[in-house]
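Each value in this text was obtained by applying a stated rule to the coordinates, not by laboratory testing. Keep in mind that this is a model prediction, so the values were computed, not measured. Cβ atoms come from the backbone with ideal geometry, glycine included; neighbour counts cover every protein chain shown.
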Amino acid sequence: MRVPGGVLALLAGACILCTACGCLGTSSPPPSGGGIAPIDLPEPEGYTLTEALAELDILRVEGGLDTTGTTMHQVLGNRVTLDGRAAAWAIGLKDGEEVRWLTSGVTGWRETTLRAPLPDAEVNMTEILSPEELLAAQEDAIRPVMARLDAETVDLVLAEGVYTINIRSDAGVESLAFRADTGEVIV
């Protein structure tokens, strides 16, 4: 099985997503006898790629992010639940020969500078399953792997007509690949 986008693109995607969602460790407890007491806030529930792209469209209309003339070539989802909600999304765009990355997390969409290659094939979301549709259709294949690895979320890569679902935890890593247009398992 060939992993689309190559190792460099996956590493670049991980860096983008960590930047977007602020993968910072927990802070140390305050010194005894005073200080600021930490407040445990619930993590945001995330949102689907469909919701994130709708928000991006609103930003475009309002003039917040100009993506005129760009084409989508890769989508990355970080900490995606089986209902398709991700902690962060990253989209690799080409603007002519220029590569642009947009990341969306708790703070909304923003452009991120990263010199990472993108696959040549364009991603056309109208011709493929959305991540939430794919995850729902393939839940019976994905859930047992998540249970075996004791993982609550997956990471998702969409490139060159293939969804790659990476399930990772302290117990290990396993990847599953599916055709983006039909959801069929790729062996």
Inset, instruction - Answer yes if at least one residue in segment 147-160 is crowded, with 18+ Cβ neighbours inside 10 Å and under 15 Å from Leu53 (Cα atoms), and no otherwise. - result: yes
Inset, instruction - Would you mind finding the one in Asp83, Asp57 that is of a type in the set (D, E, K, R) and closer than 22 Å to Ile186 by Cα? - result: Asp83
Legend entry - When residues of segment 44-77 are limited to those that are in a loop (DSSP other than H, G, I, E, B) and charged (D, E, K, R), the one nearest to Ala137 (Cα to Cα): Glu45
Legend entry - Filter result (of a type in the set (S, T, N, Q) and in contact (Cβ under 8 Å) with a residue 40 or more places away in the chain) within segment 42-82: Thr48, Thr50, Thr71, Gln74, Asn78, Thr81
Inset, instruction - Search segment 106-137 for residues being of a type in the set (A, V, I, L, M, F, W, C) and touching a strand residue (DSSP E or B) at 6+ places or on another chain (Cβ under 6 Å), and hand back the single one that is surrounded by the fewest Cβ atoms within 10 Å (Cβ to Cβ). - result: Leu114
Inset, instruction - Test Thr103 against the stated conditions and say whether it is surrounded by 15 or more Cβ atoms within 10 Å (Cβ to Cβ) and closer than 18 Å to Tyr47 by Cβ. - result: yes
Inset, instruction - Take the residues in segment 68-99 that are hydrophobic (A, V, I, L, M, F, W, C) and over 21 Å from Ser169 (Cβ atoms), then tell me which one is farthest from the chain's Cα centre (by Cα). - result: Val99
Inset, instruction - Being buried (at least 21 other Cβ atoms within 10 Å of the Cβ), of a type outside the set (Phe, Trp, Tyr) and assigned to a strand (DSSP E or B) is the filter here, so list the residues in segment 78-99 that pass it. - result: Asn78, Val80, Ala86, Ala87, Ala88, Ala90, Ile91, Gly92
